[in-house]
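Engineer: Okay, here's the structure, questions in a sec.
The values are calculated or read from the model by the stated rules, or taken from the named source; none is laboratory data. Values in this document were obtained by computation on a predicted structure and should not be read as measured data. Note that each Cβ is placed from the backbone with ideal geometry, even for glycine, and that neighbours are counted across all protein chains shown. For the accessible areas, the whole protein counts, side chains as well, though only heavy atoms, and no ligand, DNA or RNA atoms are used. Shrake-Rupley method; radii C 1.70, N 1.55, O 1.52, S 1.80 Å.
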Amino acid sequence: MADRRAELRDEMTAAHDELLKMLDSLNPTDWGQQTYEGWSRKDTFAHLASIQARQRAQVQCALDGSPWNPEDVNAYNARKVEERKAWSADQVRDEYEREQASTVGLLDKIRDDDLQRTFQHPTRRPLTIESVFLQVANHTRNHAADIMAAKQGATP
């Protein structure tokens, strides 16, 4: 594996491990505490589990040179979280683990020079594959902080 891909893999793995360590400190009643309006801690975790498929689709668009024409991100997030409302925290965790493994697996399959391939994001700008993988780690850390802030009684 090339050095930059190894660094990206390490970042995603570290964020993953940090999140799970934090989540392991929660007791069953903690999962229902609100993080965002209409979302509990478990819902925020479900969002992290479901969003990686969308992020991998962005990478695939850059690899294929195809346009990125996604469903609105807010509608996507609302739909995916709603689909997981009845799931247990353990079921969400299982999905998160599978999705993380798929994302790392995709990184492992691409070439180092693919990291600079771009796709046109509809609201941001042309984004590189590298930036998508960085976003996976950053997004995980940001929402982990939101989940833990709720634990401490301070919602974002």
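Engineer: Can you tell me the 0 to 90 degree angle between the C-alpha axis of helix 73-83 and the longest principal axis of the chain, rounded to 10?
Structural biologist: 50
Engineer: Then there is this: If you keep only loop residues by DSSP, which GluC sites (Glu not before Pro) in segment 1-68 have at most 13 other Cβ atoms within 10 Å of their Cβ? Write down the numbers at each step before the final one.
Structural biologist: Details: sites: E7, E11, E18, E37; in loops: E37.
Sites meeting the loop and neighbour criteria: E37.
Engineer: Would you mind checking K42/K85; K21/K85; K21/K80 for any pair whose Cα atoms are more than 19 angstrom apart?
Structural biologist: Result: K21/K85; K21/K80 exceed 19 Å.
Engineer: Using Cα atoms only, what is the angle between the long axis of helix 89-109 and the major principal axis of the chain, expressed in degrees (0 to 90) to the nearest 10?
Structural biologist: That works out to roughly 10 degrees.
Engineer: Given a 1.4 Å probe and every protein chain left where it sits, what share in percent of the accessible area of the chain is carbon and sulfur?
Structural biologist: Working: 3820 of 8010 Å².
Looking at the chain in its full context, I get 48 percent from C and S.
Engineer: OK, next. For segment 78-156, what is Rg from Cα atoms divided by 2.2 N^0.38 Å, rounded to two decimals?
Structural biologist: Numbers: Rg = 15.7 Å, N = 79, 2.2 N^0.38 = 11.6 Å.
Here the Cα radius of gyration is 1.35 times the empirical estimate.
Engineer: In whole Å, how far is the Cα centre of segment 1-36 from that of segment 114-137?
Structural biologist: Centre-to-centre distance over Cα atoms comes out at 21 Å.
Engineer: A further question follows. Are there any trypsin sites (Lys or Arg not before Pro) in segment 55-156 that are in a DSSP loop and have at most 12 other Cβ atoms within 10 Å? List them by number. Please list the in-between numbers first.
Structural biologist: Numbers: sites: R56, R79, K80, R84, K85, R93, R98, K109, R111, R117, R124, R141, K151; in loops: R84, K85, R111, R117, R124.
Taking segment 55-156 and a limit of 12 other Cβ atoms within 10 Å, the loop trypsin sites (Lys or Arg not before Pro) found are K85, R111, R124.
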